[in-house]
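The structure appears below as structure tokens.
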């Protein structure tokens with residue numbers, strides 16, 4: 001089976017969770033018996049040196065720069081080239097298949113649930129992109145029944161919506177670089193234990209409420225441990241300076257793994273989440289997790305409402321203070337994360353694509 005996989009997200013300044021999905025899934029496909037012949041499709045590489053996408057396999061690069069290519073897909077001026085059995089879109093940027101059966105993984109439709117967390121232009125694009133995906137894809141795969149219901153509400157035909165259980169893994173997290181992690185913490189003036197959150201800094205990730213909860217919980221912690229915030233800047237207002245809150249920015253994978261593993265707890269409380277990779281990355285690194293409801297955690301996190309600051313504060317204080325609770329969460333998290341491998345996710349995708357190609 002010849003598969004054309006859209007990897008345009010990896011050309012973005014902040015690839016985010018979709019970028020992690022592409023980087024995790026594509027190498028895992030190559031490990032399968034009878035692996036599909038995968039070509040990644042994206043805009044032209046504009047930097048110097050080798051194209052980083054080449055590490056994923058053969059690259060079909062458009063001559064158009066990213067924004068123009070996406071716009072050309074939107075209006076139907078560019079579409080899938082001939083010679084492929086399946087086109088898989090990894091986000092709502094779904095190119096016209098032009099006769100090639102198309103699948104898309106719709107991670108979530110958060111822009112419908114929390115429109116105030118998106119800029120107006122972004123809301124318009126996402127809504128139109130969702131309708132294009134509904135028209136263009138023969139299968140709209142989703143990670144949860146809740147997102148399936150969202151697609152039905154948006155007008156998707158039920159026979160084309162498919163719940164693809166656990167379409168992600170968390171075993172992409174590399175071995176921790178202990179020395180570099182300690183050096184970063186030293187630079188940040190974090191001495192000893194800390195609480196950690198990991199996400200792109202944007203309104204949907206609910207960092208303002210998390211910081212407010214941390215402010216309320218800090219006097220109740222065994223020690224006034226800082227809250228370390230890891231992740232690239234997205235959009236919206238920056239976090240205001242706050243005692244105990246330390247902004248670390250984006251960090252390399254081995255340092256991220258080190259930060260997860262050394263954290264007293266990891267808090268991840270977005271307003272809505274299609275899956276929630278940071279939560280299970282933390283579980284994979286043996287950290288106890290406080291999280292809002294999301295499919296990834298499988299009941300292995302200390303669950304809180306993302307809009308209830310008092311409940312988040314109580315959870316931070318309880319998990320940070322009680323060794324029995326921490327131990328239970330770590331054990332549950334390790335078991336849950338062991339179920340989420342990219343090889344298993346790749347097999348589920350291939351089963352779907354084989355059905356589409358044969359149909």
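So for the stretch 17-32 (the condition being more than 22 Å from the chain's Cα centre (by Cα), surrounded by 17 or more Cβ atoms within 10 Å (Cβ to Cβ) and in a helix (DSSP H, G or I)), does at least one residue qualify? No: zero hits.
Right, residue 335: surrounded by fewer than 17 Cβ atoms within 10 Å (Cβ to Cβ) and under 22 Å from the mean Cα position of the chain (by Cα) or not? So residue 335 passes the test. Filtering the stretch 89-112 to residues that are farther than 15 Å from residue 202 by Cβ and either in a helix (DSSP H, G or I) or in contact with a strand residue (DSSP E or B) (Cβ under 6 Å, 6 or more places away or on another chain) (or both) leaves 89, 90, 94, 97, 100, 101, 102, 103, 104, 105, 106, 112. Scanning the stretch 296-318 for residues that are crowded, with 23+ Cβ neighbours inside 10 Å and closer than 19 Å to residue 169 by Cβ yields 296, 297, 300, 301. Of all residues in the stretch 273-305, those that are under 28 Å from residue 341 (Cβ atoms) and in a loop (DSSP other than H, G, I, E, B) total 16.
Checking 228, 211 one by one, the residue that is in the same structural domain as residue 248 (by TED's automatic domain parsing) and touching a helix residue (DSSP H, G or I) at 6+ places or on another chain (Cβ under 9 Å) is 228 and no other. Among residues of the stretch 319-331 that are on the phi > 0 side of the Ramachandran plot and loosely packed, with under 15 Cβ neighbours inside 10 Å, none has a beta-carbon under 7 Å from a residue that is in a helix (DSSP H, G or I) and modelled with pLDDT of 95 or more at least six positions away or on a different chain. Quick check: anything in the stretch 68-77 farther than 20 Å from residue 352 by Cα and in a loop (DSSP other than H, G, I, E, B)? Yes: the stretch 68-77 contains one or more residues that are farther than 20 Å from residue 352 by Cα and in a loop (DSSP other than H, G, I, E, B). When the stretch 130-148 is filtered for residues that are in a helix (DSSP H, G or I) and within 19 Å of the chain's Cα centre (by Cα), the ones remaining, listed by number, are 130, 145, 146, 147, 148.
The values are calculated or read from the model by the stated rules, or taken from the named source; none is laboratory data. What you see is a predicted model, and the numbers here were worked out from it, not measured in a lab. As a convention, Cβ positions derive from the backbone with ideal geometry for all residues, glycine included, and neighbour counts pool all protein chains shown.
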